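The structure appears below as structure tokens.
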Amino acid sequence: MTDEEKLEQKRQQFNELIKDVSKCQICRHLYAPLGCPDGEYLDHYSHPGYINEWNLQACDLMASCMILGQDFGLLMDEEKIQKNGLSPRAALQVSKNIQFLSTTDKNVRTLLHIDHPEKTPDAPLEHYFFTNTACCYRQRGNTTEYNASWYTMCAHQFLGRLIRIIQPKVIIALGKEAFNALSCCPNAVLAYPEGIPFSGGRENHVFRDLINLKKPSQLSFEDSDLPSIDVYPVFHPSMMKLNQPAGYNWDYILDALP
């Protein structure tokens, strides 16, 4: 199969996944930002159809690296800002995120050594696929009560399918929830690297220890002959200043990219 044929197959599979995500109503207090105003689904030929808004920044279906975020971010326009009655400070921050990149976006691009496109923040990046573990967005922004099952259910329903479509060589998981959700994909096996401390025959690591090893875990699917995928857990970029020591970077991951 040629690269063009592979891309066409992925487009068809991805558009089917988009439609299935838009029909999902499992979680309460969430909504899917899918479909055009006229009710038609986004056509991947004329527009990079998306499972969540982060796909608009990087939606290369042939990408070798997937950046896997945790959840919903903010999907709000000026009308929603007024309706939700956000404080002036919060409204200002939201409006900045609409026009420019959020703190998480900017930190991810810094760690990937990608320039910050101040004027065109939605210009899609090549060689990367950005997505969130949870597909939908909270109806009240980030103030809605958090429910961990949103990650596990979304991973079981959709994330495994998405990974099989993209077939990345490397996944960078932003935060513990995104990393753990990979184990919830159907028929997925996430094998940890050697060097994690054990105690009494039971694994006794914490997420920080797993990151500090700087070794990838291996994600594979028992019902598929796809090659195993290197998975690197990292601290969520929005918390870089709190969690990461001086000089921390993703260069050791970037050096491993094909």
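Values in this text are rule-based calculations from the coordinates and carry no lab data. Worth saying up front: this structure is predicted, and the values here are computed from it rather than measured. In this analysis, Cβ positions are derived from the backbone assuming ideal geometry, glycine residues included, and neighbour counts consider all displayed protein chains.
The table below lists the values:
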item	result
Extended-chain gain in nm, criterion 0.36 nm per residue less alpha-carbon gap, ILE26 and GLU5	4.2 nm
Calculated FRET efficiency for the pair LEU257/GLU16, C-beta based, R₀ 25 Å, to 0.05	0.30
Ranked packing of 10-21, 226-237, most packed first, by mean Cβ within 10 Å	226-237, 10-21
Segment ASP209-ASP225, extension gain: residue separation times 0.36 nm, minus the distance between their alpha carbons	2.7 nm
Given LYS23/LYS214; LYS106/LYS215; LYS6/LYS176; LYS19/LYS214; LYS19/LYS215; LYS106/LYS176, the pairs whose alpha carbons are separated by over 30 Å	LYS23/LYS214; LYS6/LYS176; LYS19/LYS214; LYS19/LYS215
